[in-house]
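Below is one structure, written out as structure tokens; comments come after it.
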């Protein structure tokens with residue numbers, strides 16, 4: 001039954017002092033972990049830049065997290081270029 005839909009999990013999380021209800025097919029623990037990561041990033045930015053609006057804090061957090069993602073993707077591509085054939089064996 002490959003076309004069987006995964007059940008949606010609904011999770012209440014708190015990010016930067018506001019509650020959000022998130023839904024997704026990922027596990028509840030995973031959704032909470034992702035939300036905690038975003039919350040921590042926003043909290044740290046709020047401490048470092050207390051005069052910035054919530055919107056600017058959110059945009060900076062998104063940029064920082066996206067930067068991390070892009071760097072990890074680049075490292076992964078470099079790893080595959082170096083060890084790709086070895087990893088397939």
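The numbers here are math on the coordinates, done by the rules we state, and not lab data. Here the structure is a predicted model, which means the values were calculated and not measured. For neighbour counting, all protein chains shown are included, and Cβ atoms are generated from backbone atoms with ideal geometry for every residue, glycine included.
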Select one label from [x] 5.4; [y] 8.9; [z] 7.6: the one whose number is mean projected area of the Cα convex hull in nm² as derived from the coordinates shown.
[y]
Helix-only mean residue ellipticity at 222 nm for the chain, each DSSP H run of n ≥ 4 adding -39500 (n - 2.57), per residue, nearest 500
-22500 deg cm²/dmol
Multiplying the sequence separation of residue 69 and residue 40 by 0.36 nm and subtracting their Cα-Cα distance, what value in nm do you get?
8.8 nm
At residue 77 and residue 20, where each label point lies 7 Å from the Cα along Cα→Cβ, what is the point-to-point distance in nanometres?
2.7
How tilted is helix 28-48 with respect to the longest principal axis of the chain? Cα atoms for both, answer in degrees (0 to 90, nearest 10).
50
Using Cβ contacts closer than 10 Å as the measure, can you line up 65, 57 from fewest to most?
65, 57
Can you give the relative contact order of region 9-88 as a percent, counting alpha carbon pairs under 8 Å and 6+ residues apart?
19
